[in-house]
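The values are calculated or read from the model by the stated rules, or taken from the named source; none is laboratory data. None of the values given here were measured: they were computed from a predicted structure. Positions of Cβ are generated from backbone atoms using ideal geometry, with glycine treated the same way; all protein chains shown enter the neighbour counts.
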Amino acid sequence: MAISALIILILAASPLAAQEPPTTEGVALEPQGPPPAPPTNVVAKDNPNDKGGIINITWERSADDGVGANDVTGYEILKSKEKDGVYEYIGGAAPGATFFSDSNVRNKVNYFYKVRAVSPFGSSESLPSVAASSRVQWFNFSRLTLFLLSAIIALAIFYFISKAKGGRQLYIRRIAGLEAVDDAVGRATEMGRKIFFIPGIMDMDSMQTIAGVTILGRVARLAAEYEAKLEVPVSRSLVMVTCREVVKEAYLNAGRPDAYNDNMVYYLTDDQFGYAAALDGLFLRERPAAVFLQGQFYAESLILAETANSVGSIQIAGTAMPSQLPFFVAACDYTLIGEELFAASAYLSKDPKLLGSLKGQDLGKFIFLLVILVGVLFITLNSLVGLNLPNLAKIF
C-alpha cells in the first residue's frame, strides 16, 4: 500500500499531469467527403389551367441522391427576379423530390429559379432556370371533354324544343303515379271527401319542393274542375305564400276563381314532428279520400303514409330522398321515384319547352353513360390485355 501511494504522489507532481487536455474549440473541422452533385435540368413553368399566381419548378435529382454516405438530405429552392441577381430561399423539398410549386408570385413577372442539393458534407446549386412567369388562362382545357358533352346536351335540348314547337309528338314513357292523379281527384269527388296535398317539409330553396308545387298546380286545377275539396297544410311560411298563388292561378285557369279561398292553404308549424303529428290528426279526423305527398321528406314519411293508409286514402307519393323511398313504396299506392318527380311538370303540362328540355336531358344522360362505358372498357383492356392506350385512359 505504501508503494502504491508513493507512485500516485510522483505522478501527480509530474509536469505532464499539469497540462490541460487538447481542445478543438474555434478550429473548423474538415468535411469528411465532397459536396453532393448539383441537381440538373431545372425547369420553371406556369401552372396550367388556373387564374395565375403559381409557377411549378421541376428538376432532375442529384446524382448523389440515395447513393452511399454522401446521400442528399434535401433540396432548397431559390428564387430571383434577375438571372445573375441575389437568390433567396423560398422553400425546401425532401430527398428524392423533383417538384416544387411556388404560389408567391405575381402575374406577368419573370422569375428565375435554382435548386440546391444539401448533404452533411455541404451543398451545391444548379444552374438557373429559364425565365418563367405566371399568367391567367381563359379556358381550363383539362375540362374540355365535359365542355363538349355539355354543348351536345344544350344542342339536343334546343333541337327537341324546336321539334315539339313544330307539332312533333315527343315520346315520354308512361309514369303510373302521374297517370293516377286524375283518378285520385275523381275518387275524392265521388266520395265527397277532401284531398290533402303535402309539399314536403323543406322551404322553397329545395328543388323537390318546387317540383311538388308544380304538381300541386295540376291537382288544384282538377279539384276546381270537379268541385272537389282541397286542403294544403304546409310547414313553411314561404311555401304557404307560393302554394296560395299556385292554387289561385289554377282555379282561375279552370274558370272557377269564386271557388278559391286563401284558407285552403294554411300554415301549421316548422317543427318536423309537430308538423307530422298535426297532419296525422287531420288525416284521422277528416278521413281524406286522396293524399298527395310530393316533396322532400325525412323520418316523418312512414308516419304520414301509414296514417293515411289506415283511413283508406289513395296515396300518391313522390320524393328524391333515397332513404325514404322504401317507406313510400311500401305504404303508398303510387310512388314517383327520383327524377320522375322532376319530370312531372313536363309530363302533366305537355309544354313544348319542358318536353324538349326533358328529352334533351335524357339524350345527355345516355351519352354520359355511353362515354363512361367506353372508358371503363378501354381502361379494363389496358390493364388486362396490356394495350398501350394511355391517352384514351386519361381522357376517360
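The set of residues from the range 325-345 being crowded, with 23+ Cβ neighbours inside 10 Å and outside any helix (DSSP H, G or I) comprises Cys332, Thr335, Leu336. Is one or more of the residues making up the range 296-314 buried (at least 20 other Cβ atoms within 10 Å of the Cβ) and in contact with a Ser or Thr (Cβ under 7 Å, 6 or more places away or on another chain)? Yes, the range 296-314 contains at least one residue that is buried (at least 20 other Cβ atoms within 10 Å of the Cβ) and in contact with a Ser or Thr (Cβ under 7 Å, 6 or more places away or on another chain).
Within the range 206-219, no residue that is not assigned by TED's automatic domain parsing to the domain that holds Tyr298 sits with its Cβ atom under 6 Å from a residue that is assigned to a helix (DSSP H, G or I) and acidic (Asp, Glu) at 6+ positions apart or across chains. Tyr159 meets all of the listed conditions (1) assigned to a helix (DSSP H, G or I); (2) within 27 Å of Lys248 (Cα to Cα); (3) touching a residue at least 40 places away in the same chain (Cβ under 8 Å); (4) not small (Gly, Ala, Ser) but one, namely (2). I'd like to check something: does the range 177-194 contain any residue that is touching a residue at least 40 places away in the same chain (Cβ under 8 Å) and within 20 Å of Leu358 (Cα to Cα)? Yes, the range 177-194 contains at least one residue that is touching a residue at least 40 places away in the same chain (Cβ under 8 Å) and within 20 Å of Leu358 (Cα to Cα).
To keep it simple, each residue is scored yes or no on (1) more than 21 Å from Arg218 (Cβ to Cβ); (2) free of Cβ contacts under 8 Å to residues at least 12 places away in the same chain.
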{"residue": "Gly281", "(1), (2)": "yes, yes"}
{"residue": "Ala289", "(1), (2)": "no, no"}
{"residue": "Leu293", "(1), (2)": "no, no"}
{"residue": "Ser301", "(1), (2)": "yes, no"}
{"residue": "Phe327", "(1), (2)": "yes, no"}
{"residue": "Leu358", "(1), (2)": "no, no"}
{"residue": "Asp362", "(1), (2)": "yes, yes"}
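Screening the range 209-226 for residues that are out of contact with any helix residue (DSSP H, G or I) (no Cβ under 7 Å at 6 or more places or on another chain) and surrounded by fewer than 22 Cβ atoms within 10 Å (Cβ to Cβ) and picking the one that is farthest from Pro199 (Cα to Cα) gives Glu225.
The condition of being among the small types (Gly, Ala, Ser) and touching a strand residue (DSSP E or B) at 6+ places or on another chain (Cβ under 8 Å) holds for only one of Ala278, Ala254, that being Ala278. Summed over the range 250-277, the residues that are closer than 16 Å to Ile195 by Cβ and either in contact (Cβ under 8 Å) with a residue 12 or more places away in the chain or in a helix (DSSP H, G or I) (or both) give a count of 10. Per the listing Val232, Val247, the residue uniquely crowded, with 21+ Cβ neighbours inside 10 Å and in a helix (DSSP H, G or I) is Val247. Kindly indicate the residue of the range 110-156 that is assigned to a helix (DSSP H, G or I) and among the small types (Gly, Ala, Ser) and also surrounded by the most Cβ atoms within 10 Å (Cβ to Cβ) among those meeting that condition. Checked the range 110-156; the qualifying residue surrounded by the most Cβ atoms within 10 Å (Cβ to Cβ) is Ala156. Number of residues in the range 181-195 that are hydrophobic (A, V, I, L, M, F, W, C) and in contact with a helix residue (DSSP H, G or I) (Cβ under 7 Å, 6 or more places away or on another chain) equals 3. Taken over the range 99-109, the residue count meeting the criterion of being in contact with a strand residue (DSSP E or B) (Cβ under 7 Å, 6 or more places away or on another chain) and either closer than 15 Å to Val130 by Cα or buried (at least 16 other Cβ atoms within 10 Å of the Cβ) (or both) is 3. Among the residues making up the range 279-324, those that are more than 37 Å from the chain's Cα centre (by Cα), assigned to a loop (DSSP other than H, G, I, E, B) and hydrophobic (A, V, I, L, M, F, W, C) are Ala289, Val311. Which one is farthest from Val42 (Cα to Cα) among residues in the range 119-154 that are free of Cβ contacts under 8 Å to residues at least 40 places away in the same chain and aliphatic (A, V, I, L, M)? The residue in question is Ala151. Report whether or not Tyr75 is under 37 Å from the mean Cα position of the chain (by Cα) and either in a strand (DSSP E or B) or closer than 13 Å to Pro38 by Cβ (or both). Yes: the conditions hold for Tyr75.
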